[in-house]
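Novice: One structure, pasted below without further comment.
Derivation of every value follows stated rules applied to the coordinates shown; laboratory data play no part. Nothing here was measured: the structure is a model prediction, and the numbers come from that model. Quick reminder, even Gly has a Cβ in these numbers, built from the backbone with ideal geometry, and neighbours come from all protein chains shown.
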Amino acid sequence: MTSYHIWTVGCQMNKADSERMGAGLEQLGLKWSQDPKNADVIVLNSCVVRQQAEDRVVGMLTSLKPWKQRFPEKTLALMGCMVGPKKDDLLKRYPYVDLFMQPQQFEPLIELVGDKVGVDPDGCVGPLVPGSPSVTTHVPIIHGCDKFCTFCIIPYRRGREISRPTNELVEECKMLVARGVKEVTLLGQNVDSYGHDFETPSDLGDLLEAIHDRVPELFRIRFLTSHPNDMSDKIINTVANLPRVMENINLPFQAGNDEVLTNMKRGYTNLQYRELIERVKKAIPNVALVTDLIVGFPGETEAQFEDSVQLIRDLRFDKVHVAMYSTRPNTFAQRKLVDDVPKEEKHRRLKVIEATQESILSEINASYLGSVEEILVDGHNKGRWQGRTRTDKLVFVDGENIELGDILNVRITKTSPWSFTGSQVRS
Ligand code: SF4
């Protein structure tokens, strides 16, 4: 047993979990295999947040059945949100899968592989921190979610909120910096809840300060995803005051109509959301705002949908993640509400949001033309270097002697709704 492959679908949290799973397998001596079918261990890290994601996982599981039958000695594991506390149904549907692991449940595979390669993971496997992380990486800081929005399956799969200790996170950031990381994104399903479960409650603002002050070599700190009800003034002021915390906030509003928000059990109104955004913009004038929105929630009328469109027009986000409502098993919405907006209508509403947002983004991005932006170089694509501004805009850069991880000043020479082009400005 010498190689592994991890296939990941879903959110940044899943990607971070896969990196950690990989770190554990590498500590047992396994190497990454680009081709899954050549690997001795295949891990599918699954997502069920929408039907489409679940269908992809089912497709992968089905396509790997002949592989597993041909090589029974190899290991196939399913982890992530498709695996709930009860596994009977999965065991019946996929008897050829060796292991089913809930999100962040890395130990069963570490134990099994340790056994196969003859290494006792106790003492041999240290903290699950990626050995060769990219210059920008993700650090999960809080697991689970206590909010129980009526459409969301996450709390049923990832459990209640558990924050990781502050010191452990600071040490992990130091370790990542020593391995070449320049930017971390602190992750949580509801990242703003960080520390609320501690014996002496803490706040995400405290963690941002701790990492900012105790890991001075870390160039940039971001965080996502926030819940409007937990976005404290302390968090807002911390972003405003700490120079290495990026002015980029992801605050999902999910619906612009109060009745729909109540049916979603989001816990705020359109007006309260608008007031929060006003507070954020006042404290951080150059902030880039990102949001999430669902169209076609059960019972959403055309007029209620228009409230979402109006909110997008008024608040002018830098990015809108829009999704069509998709019924998820065991959620309140699945049990008590009727999925009555036709698929074609959901699709139409999605297109309206996308078109509205595209025209807003063209205007926002055009305002960057000629400005000089600080970017962190995080990749090389089709012969050009690329990086991100503090506000998370993608920039393709022309210039010489550029290296991965460089912080550059770049004059923006061309903009589109999706990316910029720029030239390096040397001082
Ligand atoms: S805040 Fe709501 S949408 Fe977000 S993970 Fe929790 S339950 Fe799901």
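Novice: List every residue whose amide H lies under 5 Å from the amide H of Met324, counting only residues 5 or more places away in sequence or on a different chain, with H placed 1.01 Å from N in the peptide plane.
Specialist: Residues meeting the criterion, in which the H sits 1.01 Å from N, are Val295.
Novice: While we're here: If you count the DSSP beta bridges with both ends in the chain, what percent of them are antiparallel, to the nearest 5? Numbers along the way, then the final one.
Specialist: Details: 22 of 64 bridges.
Rounded to the nearest five, the antiparallel share is 35 percent.
Novice: Taking R0 as 51 Å, what FRET efficiency do you get between Lys116 and Phe148 from their Cβ-Cβ distance, rounded to the nearest 0.05?
Specialist: Working: r = 40 Å, r/R0 = 0.78.
Between Lys116 and Phe148 the formula returns 0.80.
Novice: Between Gly123, Gly159, Gly114, where does the largest GNM mean-square fluctuation fall for the chain, given springs only between Cα atoms within less than 10 Å?
Specialist: In the Gaussian network model the winner is Gly123.
Novice: Now for a separate question. Expected output is a single nm value to one decimal: the length gained when fully extending between Arg384 and Ser367, i.e. 0.36 nm times separation in residues minus the C-alpha distance. What is it?
Specialist: Details: separation 17, 0.36 × 17 = 6.12 nm, distance 2.35 nm.
Contour length minus Cα-Cα distance gives 3.8 nm.
Novice: Looking at the square roots a ≥ b ≥ c of the eigenvalues of the Cα gyration tensor of region 372-424, which shape do they give, rounded for a/c under 1.5, prolate if a/b is larger than b/c, or oblate? Spell out each step's value before the answer.
Specialist: On the way: a/c = 1.39, a/b = 1.27, b/c = 1.10.
Note, shape of region 372-424 comes out rounded.
Novice: For the chain, give me every cysteine whose Cβ has no other Cys Cβ within less than 4.7 Å, ordered by residue number.
Specialist: Cys11, Cys47, Cys81, Cys124, Cys145, Cys173
Novice: Got a sec? Charge dipole of region 3-124, +1 on Cβ for Lys and Arg, -1 for Asp and Glu; which of Met21, Tyr94, Leu109 is way out at the positive end?
Specialist: Tyr94
Novice: If all Cα-Cα distances of the chain are sorted into 20 Å bins from 0 onward, what percent lands in each bin, rounded to whole numbers?
Specialist: Spelled out per bin, shortest first, that is 23, 57, 20, 0.
Novice: Whole angstrom only: what separates the Cα centroid of region 1-16 from the Cα centroid of region 328-352?
Specialist: So the two Cα centres are separated by 29 Å.
Novice: Take the chain, connect every pair of alpha-carbon atoms lying under 10 Å apart with a spring to form a Gaussian network, then pick out the residue of Cys81, Cys173, Cys124 with the largest mean-square fluctuation.
Specialist: Cys124
Novice: Ranked by Cβ crowding within 10 angstrom, fewest neighbours first, how are Leu394, Leu293 ordered?
Specialist: On the way: Leu394 16, Leu293 23.
Starting with the residue having the fewest Cβ neighbours, the order is Leu394, Leu293.
Novice: Given a cut-off of under 8 Å on Cα pairs at least six residues apart, what relative contact order in percent is computed for the chain?
Specialist: Values: 802 pairs, mean separation 44.2, N = 427.
The normalised contact order for the chain reaches 10 percent.
Novice: Kindly put Lys65, Lys346 in sequence by how many other C-beta atoms sit within 10 Å of each C-beta, fewest to most.
Specialist: Values: Lys65 14, Lys346 21.
Lowest count first: Lys65, Lys346.
Novice: Now a separate question. Quick one: among Lys74, Lys37, Lys92, which has the greatest mean-square fluctuation in a GNM of the chain with alpha-carbon springs under 10 angstrom?
Specialist: Result for the chain, Cα springs under 10 Å: Lys92 fluctuates most.
Novice: By count of other Cβ within 10 Å, fewest leading, how are Lys382, Lys147 ordered?
Specialist: Details: Lys382 6, Lys147 18.
In increasing order of surrounding Cβ atoms, one gets Lys382, Lys147.
Novice: Taking amide H atoms as placed 1.01 Å from N in the peptide plane, list the residues 5 or more away in sequence, or in a different chain, whose amide H sits under 5 Å from that of Leu186.
Specialist: Val139, Arg222, Phe223, Leu224
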